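What follows is a short report on a single structure.
The values are calculated or read from the model by the stated rules, or taken from the named source; none is laboratory data. None of these values were measured; they are calculated from a predicted model. Counting neighbours? That spans all protein chains shown, and the Cβs are built from the backbone with ideal geometry, glycine included. With ligands, DNA and RNA removed, areas are computed over all heavy atoms of the protein, side chains included. Shrake-Rupley method; radii C 1.70, N 1.55, O 1.52, S 1.80 Å.
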Number of protein chains: 4
Amino acid sequence: MTAITVPELSPVTRTWLTVCLWCCFCFFLVELLIKAWPKPNSKTASTYLLSASGVIDLMAVLPIPLVLLIGVPANTAWVLASLWLLKLTAFVPGLALLGRVVALEARPLASVLVIFLTVLLFAGVALHILERAGQPERFGSLPQSLWWAVSTLTTTGYGDSVPQTFLGRVIAGIVMICGLGVFGLWTGILATGFSAEHRRRDFIQNWGLVTRVPFLRNLDPPAIIELTHMLRRLDLAERTIVVRRGRPGDCMYFIASGEVEVKVEPRPIRLSGGAFFGEIALLEGGPRTATVVTTLPSTLLVLDVSNFRVFMANHPDLAKEVEMEAARRERSNESVLPEEQ
Amino acid sequence: MTAITVPELSPVTRTWLTVCLWCCFCFFLVELLIKAWPKPNSKTASTYLLSASGVIDLMAVLPIPLVLLIGVPANTAWVLASLWLLKLTAFVPGLALLGRVVALEARPLASVLVIFLTVLLFAGVALHILERAGQPERFGSLPQSLWWAVSTLTTTGYGDSVPQTFLGRVIAGIVMICGLGVFGLWTGILATGFSAEHRRRDFIQNWGLVTRVPFLRNLDPPAIIELTHMLRRLDLAERTIVVRRGRPGDCMYFIASGEVEVKVEPRPIRLSGGAFFGEIALLEGGPRTATVVTTLPSTLLVLDVSNFRVFMANHPDLAKEVEMEAARRERSNESVLPEEQ
Amino acid sequence: MTAITVPELSPVTRTWLTVCLWCCFCFFLVELLIKAWPKPNSKTASTYLLSASGVIDLMAVLPIPLVLLIGVPANTAWVLASLWLLKLTAFVPGLALLGRVVALEARPLASVLVIFLTVLLFAGVALHILERAGQPERFGSLPQSLWWAVSTLTTTGYGDSVPQTFLGRVIAGIVMICGLGVFGLWTGILATGFSAEHRRRDFIQNWGLVTRVPFLRNLDPPAIIELTHMLRRLDLAERTIVVRRGRPGDCMYFIASGEVEVKVEPRPIRLSGGAFFGEIALLEGGPRTATVVTTLPSTLLVLDVSNFRVFMANHPDLAKEVEMEAARRERSNESVLPEEQ
Amino acid sequence: MTAITVPELSPVTRTWLTVCLWCCFCFFLVELLIKAWPKPNSKTASTYLLSASGVIDLMAVLPIPLVLLIGVPANTAWVLASLWLLKLTAFVPGLALLGRVVALEARPLASVLVIFLTVLLFAGVALHILERAGQPERFGSLPQSLWWAVSTLTTTGYGDSVPQTFLGRVIAGIVMICGLGVFGLWTGILATGFSAEHRRRDFIQNWGLVTRVPFLRNLDPPAIIELTHMLRRLDLAERTIVVRRGRPGDCMYFIASGEVEVKVEPRPIRLSGGAFFGEIALLEGGPRTATVVTTLPSTLLVLDVSNFRVFMANHPDLAKEVEMEAARRERSNESVLPEEQ
């Protein structure tokens, strides 16, 4: 869609692009009508139009004909097609996450913003006073001076207005250093909040998956918590190779849902939800002893070798159980077997 | 106030703005007089004028008439109205926090500043020597060269003075990379300190609130500490909806002060300070079973679902108590009940 | 190689450089032939050419003669010699690590990228609408406007296109601040992921080394895990001085492999794999009592004084053992002795 | 010294500045002679001249007369006075710290540098190929193109060379985003390493101080470790006010060395090394009950209220002891008393 929006001002292919744009427009119009129409008895039409997604759908359709009616030239009108991008945002989980982070960290972020604005204003006023005489067309008014200040404080540095006096440059240098500081605070708050939110969401998702694995569900609660923090979710499509025979092994897998096939010699073995595999390479430090392929779309939980060792060290009884299972599998000359039989 | 300060240089509406500014000025003057006057017997007037807020109030009032008396044109004089912004800073908790962070991290920050200044000086001297011949008007003196260095080292890059020789550009490249490094140190120190201070302040606030909830107060001290780190404070106005029936539940609430109303069928139930609610959705993983609204301005402590699970796993007796309470509430066909009866 | 690539456009030394470049070219060609040729019976030739390193080797050899054949001037053709740099990347562990980080953090990074692109597009559209009238040659088309937006949002700030209207500048200021925010998120995610990956890789490496030291191998598993996190690997060449007599001591050493010589008076003592040294300075807080030099290429595990104290506090029996060994060494008037005798 | 170096190119005061500079020069010369001369029997003179500080002292003295002899004009020669700044670096602990961080994190930093250089070279080559035709004077050679690339990748953005083609701008946009990423990695590694080093150094310093306080020395080792991480060192001059009566109390103090005076009514009490004070305000949540002033230069260990609560919760016996001491002090109607009597 961006590609369509962007070249709409190129000279020759304009007609084709306009056709494409009208097609998109019609598609969105029809989508809106279908969503708003079918149940006239209930009040869903108005509810939908007033909800967030309804407003976005309306904004994708309404403004373009409106501005065309007013008499704005078509080139300009199609710029509004960029509003279609808003429809994409519904599919992006990151935006919801970012919203939550901003809401939770609102107070420190606001503090930094106030500091930013204070430095901005004082820098603007100082440069206005200092540089007004020398460069009236650049620092002659406070808004012009603030424009310089914002471009300097964010270390953007357009270079369209630059202080010339000695004192002005000293202040500019201090403003730049303050800019780095403000930036640092902002960075730190957002980055910390974002990663904390991500960990939190992963924890909640993994918790739901861990409780589906019988072998893990029977651990005592603190161990489940510890393990949930260690596991990483892996969603795989059908017929994907999970581990390949002979490659070095650096993690083991629990099957939360789906099914995998272990390519061992006499005949392949199928493992389904609740089983685990890949522990032999971790215990013995050698390469993978068999290739494993998913047969259904599967959700696996990955336990990294470093976390595996930490967890096994803290839970010796579990370690013994995993080792026994691995020994049994190797004894029967088959690399991987379902754990419950 | 910023809005008033900024457009004071626009042409036509100047008279109105001047009137507004004089009004503000009079307001601050009267405020100052009231604060300094009324108790002439005590020595508060001079104490107040010498305190931080007194100095700020004085600075908001004194300079403008002074510079007008000297004969500075009015436009220029009003620039001093930006000093009024200082009065706002008293209301910003972030500034106090930032001050504390800077005080605590003074030594590493000073170290980085020294590194910054050293790199700055050497870059300035090197470029002065290298570029002097080619661009005497830009690198002909050390201050000019240092101006280039500060604008490069902070990655602002105005582009008003740019090295032209090969060696000069190599050094400029190294200076930019050093700039990123210095920036990184600065960022890291400030961000770490700021977030540590925030956590500390939240801990102290939450500790005070936790001890008001009887159910939590009776925990053993390490558990209280653990919980205090997990809780998040939430201040709500009267008649705010806390949870909405049917929405997914991702946290439970303890009431530190105030009162909430649970909208259950036979008749709504009121919960006041010390009670908790919202635990049923967490225990059963389902949606909220009732809407809860505050009836008074309330302070709630929010326990997130991920922290809830960690805490319940570490404190099985408490988990049992919460589960029993939830079961009792559900049995009596009412979603939420006060815990103490 | 970079040095060769870069000055290839300087005037006089061109002939010599071309000779050098042809030498490099021949070297890579021969290397490619050797790798692809010798085993014609197996299918290694085609396998190799289709593997990642084969493709890189091909890209180092093929393009230059090809473009010379097409008739491109030699100067231009040699620019393709920069593809040789790709051969270097195979030796850089950091790139593999970075790849892993990007793969693991793909979802948050993609979220941030979407946020970045959304802000970019809206800033571009807004400035296009606002500045089109005043600066048609700079903001007259959306691509031009997006060019401004990307240069502003990344705080690069070329200054070739700068908004002139008041509203345009206000939006530009907001875009810069958003840029800092986006930047912060990006920074935070990458930096966190990179350092986590590094810790993980160090842990796996150290684990392998710790299990070679008998004194440490007999610890209980949680202690091994704790210690593995604390140790730092140090690879030293033959005849390197590890500690120097009289210097302050801030760490102790375990020998994972290799051999060291302790310069004590009657005759130097040799310590080999499994022994430890340097603990006396930590226990007594004094300077090093002897100089230690490696006699073979050695891998040491370094335990810092702060970690040493934490570990000894948590494992009093181990502390006693280390103290006894130190006392025995001092009693026999020799600073360091092999532990197993 | 910077002040002297910088304005040395201003017109009129040149003579005075030259005199100042010659004085400094003579001072450094004399210092060098004194350090190198007095013990001719030992080999300290040559040892000193070959040591790091000797080389720096030499560099402060030698180059200026040398270049004056060669016939360089005096203005230029004095630029070398900036080498005097190197003498300052010996007093900056941060530089040693930074050196350690860079040494420890050398491998990840080198990885990022290689990534940086790879992106740099490919961006330079790409823009050289794309923009050569349109802007031969800016992108006509690889070095020029690399200059653009380094200024863009570090987000400095001078704006002296800017891509004009569509594809060139797309690549420039990608380079800027890569720049943010590289920057982020760099920032993360340095900041993490720097703060880890600071924590480590503080731990080592605090450990030495904690063992001087009898009340803390008798804790079991893990508790000492925990407390050492919590304490913050505070060095105070003679007659400094530590706490002021009536102010809110947010920390307690242990005296590592020195002496303080507690201003209580009948007669002030002196507390010396090993005692603690300030715990009453923390236990009761009220304001400080007495003013405390140092009588000698003192080193205090500060325990913050949040850490105080965590520590007391984990060590109930210690909590009881502190509470008993506080109660005894209050009972005897004196706010603070030495603990050992």
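Tell me the distances, shortest first, between A:Arg239 and the same position across the other copies, using label points 7 Å along Cα→Cβ, in nm to one decimal.
So the distances to the same position in the other copies read 6.3, 6.3, 8.9 nm.
For B:Thr295, place a label point 7 Å out from Cα along the Cα→Cβ vector, do the same in each other copy, and report the separations in nm, one decimal, smallest first.
Between copies, matching label points for B:Thr295 lie 6.1, 6.1, 8.6 nm apart.
Going by amide H atoms built from the backbone, whose H comes under 5 Å of the H on A:Gln135, apart from near neighbours?
So A:Gln135 has HN proximity to no qualifying residue.
Over the whole of A:141-151, what's the average partner chain Cβ count within 10 Å per residue? Rounded to a whole number, please.
6
Ordered by packing density, taken as the mean number of other Cβ atoms within 10 Å over each peptide's residues, highest first, how do B:296-306, B:259-269 rank?
Peptide ranking by packing, descending: B:296-306, B:259-269.
Determine ³J(HN,Hα), in whole Hz, for all residues of the stretch A:174-180 in sequence, where each value follows from phi through the Karplus function 6.51 cos²θ - 1.76 cosθ + 1.60 and θ = phi - 60°; x replaces Gly and Pro.
Calculated HN-Hα couplings, in order: 5, 4, 4, 5, 4, x, 4 Hz.
Quick one: which residues, 5+ away or cross-chain, put their amide H under 5 Å from the amide H of B:Ser257? H built at 1.01 Å from N.
So B:Ser257 has HN proximity to B:Thr299.
In what sequence, largest accessible area first, do C:Val114, A:Val242 appear using a 1.4 Å probe?
Descending accessible area places them as C:Val114, A:Val242.
Could you tell me whether the stretch C:168-292 comes out rounded, prolate or oblate from its Cα gyration tensor? Rule is a ≥ b ≥ c as square roots of the eigenvalues, rounded for a/c under 1.5, then prolate if a/b exceeds b/c, otherwise oblate.
Prolate is the answer for the stretch C:168-292, as a/c is 1.5 or above and a/b outweighs b/c.
Which of the GluC sites (Glu not before Pro) found in the stretch B:169-258 are in a DSSP loop and have at most 13 neighbouring Cβ atoms, other than their own, within 10 Å?
The qualifying sites are B:Glu238.
Taking amide hydrogens as modeled 1.01 Å from N in the peptide plane, which residues meet the under 5 Å criterion relative to A:Gly157, leaving out close sequence neighbours?
Here the answer is A:Thr152, since their amide H atoms fall under 5 Å of that of A:Gly157.
Mind listing the phi-derived Karplus ³J(HN,Hα) values for the stretch C:224-232, rounded to whole Hz, using 6.51, -1.76 and 1.60 with θ = phi - 60°, and x for any glycine or proline?
4, 4, 4, 5, 4, 5, 8, 6, 10
Roughly what would the spin-label model give for C:Ala106 and C:Asn314, points 7 Å off Cα along C-beta, in nm?
Calculated label separation equals 3.5 nm.
What's the FRET efficiency of C:Arg331 with C:Glu259 using the Cβ-Cβ distance as r and R₀ = 22 Å, to the nearest 0.05? It would help to have the intermediate numbers written out before the result.
Values: r = 24 Å, r/R0 = 1.11.
Using R0 = 22 Å, I get an efficiency of 0.35.
First measure r as the distance between the Cβ atoms of D:Arg233 and C:Thr295, then evaluate 1/(1 + (r/R0)^6) with R0 = 30 Å and state the FRET efficiency to the nearest 0.05.
It comes to 0.10.
Residue of B with Cβ nearest the axis relating B to A, plus distance in whole Å?
Residue of B nearest the axis onto A, distance in Å: B:Gly159, 3.
Nearest 0.05, what FRET efficiency do C:Met324 and A:Val170 give at R0 = 60 Å with Cβ-Cβ as r?
Taking R0 as 60 Å, the efficiency between C:Met324 and A:Val170 is 0.45.
If the only charges are +1 at each Lys and Arg Cβ and -1 at each Asp and Glu Cβ, what is the size of the charge dipole of the stretch D:217-297 around the Cα centre, to the nearest 20 debye? Could you put the intermediate results ahead of the total?
Working: 11 positive and 10 negative charges, 64 e Å.
Charge dipole, the stretch D:217-297, about its Cα centre: 300 debye, nearest 20.
Which distances, shortest first and in nm, link A:Ala96 to the matching position in the other copies, using label points set 7 Å out along Cα to C-beta?
Once sorted, the set of distances for A:Ala96 reads 3.8, 3.8, 5.4 nm.
Would you kindly derive the ³J(HN,Hα) couplings of the stretch A:27-35 from the backbone phi angles with the Karplus curve 6.51 cos²θ - 1.76 cosθ + 1.60 (θ = phi - 60°), listing them in order in whole Hz, with x for Gly and Pro?
Karplus values, whole Hz, x for Gly and Pro: 4, 5, 4, 4, 4, 4, 5, 4, 5.
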